[in-house]
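Data first, discussion second: the structure below is written as structure tokens.
The values are calculated or read from the model by the stated rules, or taken from the named source; none is laboratory data. Only a predicted model underlies this, so the values are computations on that prediction, with no experimental measurement involved. Here the Cβ positions follow ideal geometry from the backbone for every residue, glycine too, while neighbour counts run over all protein chains shown. Side chains are part of the model used for accessible areas, which takes the heavy atoms of the whole protein and leaves out ligands, DNA and RNA. Shrake-Rupley method; radii C 1.70, N 1.55, O 1.52, S 1.80 Å.
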Amino acid sequence: MDTAEESGKVMDSNGDELLDGDDVTVIKDLKVKGSSMVVKRGTRARGIRLAEDDPTHVQARVDGQTIFLKTEFLKK
């Protein structure tokens, strides 16, 4: 297990710690499951919320919709 996962910290793709309310940028085009929506690289997600049960996911509002994003595709 990674040391960040053991300590309960949520990290972005660059290893920076993410906190509730942070603004992040998507680093890769992502297809949204269950929707025809595609989140393009460089899209800004504002005011993220950390998922309580999984440190690899955050909840964010993108283009007016609330979606879960994997932290490996985000940078602060």
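Below is a table of values for the structure above.
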quantity	calculated
Members of segment 14-43 that are touching an Asp or Glu at 6+ places or on another chain (Cβ under 6 Å) and open to solvent by less than 50 Å² (accessible area, probe 1.4 Å)	Leu18
Contacts under 6 angstrom Cβ, first residue in segment 50-64 being in contact (Cβ under 8 Å) with a residue 24 or more places away in the chain, partner among the acidic types (Asp, Glu) and open to solvent by 50 Å² or more (accessible area, probe 1.4 Å), 6 or more apart	Leu50/Asp20; Pro55/Glu5
Residue count, segment 44-55 (criterion: open to solvent by 30 Å² or more (accessible area, probe 1.4 Å) and in contact with a strand residue (DSSP E or B) (Cβ under 6 Å, 6 or more places away or on another chain))	4
